[in-house]
Amino acid sequence: MMKKIINRIDTLILESENMILRYVGYVPVHSVRRFFYRLGGMSIGRGSSIHMGAVFYDASNITIGQDSIVGENSVLDGRGKLTIGNHVDIASEVMIYNGQHDIESLDFKAEFAKVEIGDYVFIGPRAIILPGVIIRKGAVVAAGAVVTKSVEEMKVVGGVPAKEIGERKLTDYKYKLGRAAWFR
């Protein structure tokens, strides 16, 4: 009984933190949002930005490298570990999940698997990344793709479910994504 009470209190605290960060996501000043995200336990590298309207599930398990951008209205699931590398461009309305339900389980239990996104990855608008996926360095995920399996370095994937549709030609990554827009 006591374990159940503690679990409910923990859930209430986490959901309260998620709600506060959701409201913070609409503050039109990037530096203010970043301050509160870090206060919520998220690790955000130098020069990285998270645009307005982003939603988080347990920010304390999310790590974002340097010079990365998370687009407007994206969803980052931190109920399991989520690691985003350096110079990663995540477009608007991307959903990255590391939790799901076991549909064969009698109690429909939740399962979690870490998600890793390597350096210099581009994820197009409205793509969905599912639990356990690793997207390796330089890969590209096309707009609207649903990624259910890991993506190898330099590969371009698209579709539902995502399949390899090409290969990135760039071999020497040196680009920087640039500074955050002040009011974005």
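The values are calculated or read from the model by the stated rules, or taken from the named source; none is laboratory data. Just so you know, these numbers come straight off a predicted model, no measurement behind them. Here the Cβ is made from the backbone with ideal geometry for all residues, glycine too, and neighbour counts use every protein chain on show.
At a glance:
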{"quantity": "ARG79 being over 23 Å from MET154 (Cβ atoms), in contact (Cβ under 8 Å) with a residue 24 or more places away in the chain, among the charged types (D, E, K, R) and part of a loop (DSSP other than H, G, I, E, B)", "calculated": "yes"}
{"quantity": "Among the residues listed as SER16, SER92, SER60, the single one being part of a loop (DSSP other than H, G, I, E, B) and not charged (D, E, K, R)", "calculated": "SER92"}
{"quantity": "Long-range neighbours under 7 Å by Cβ, at least six apart or interchain, first residue over 16 Å from ILE69 (Cα atoms) within the range 22-33, second assigned to a helix (DSSP H, G or I) and at pLDDT 90 or above", "calculated": "VAL24/ARG33; VAL24/PHE36; VAL27/ARG33"}
{"quantity": "Residue that is modelled with the lowest pLDDT, among those in the range 157-184 that are among the acidic types (Asp, Glu) and within 21 Å of ASN86 (Cα to Cα)", "calculated": "ASP172"}
{"quantity": "Close pairs (8 angstrom Cβ cut-off, 6 or more residues apart or separate chains): in contact (Cβ under 8 Å) with a residue 60 or more places away in the chain in the range 156-173, in a loop (DSSP other than H, G, I, E, B) anywhere", "calculated": "TYR173/HIS87; TYR173/ASP119; TYR173/TYR120; TYR173/LYS137; TYR173/GLY138"}
{"quantity": "Some residue of the range 114-123 being over 30 Å from PRO28 (Cβ atoms), in a loop (DSSP other than H, G, I, E, B) and either among the hydroxyl-bearing types (Ser, Thr, Tyr) or without any contact (Cβ under 8 Å) to a residue 60 or more places away in the chain (or both)", "calculated": "yes"}
{"quantity": "The range 155-176: number of residues that are within 14 Å of GLY138 (Cβ to Cβ) and part of a loop (DSSP other than H, G, I, E, B)", "calculated": "8"}
{"quantity": "Given (1) modelled with pLDDT of 95 or more; (2) closer than 17 Å to LYS176 by Cβ, index of the condition SER43 fails", "calculated": "(2)"}
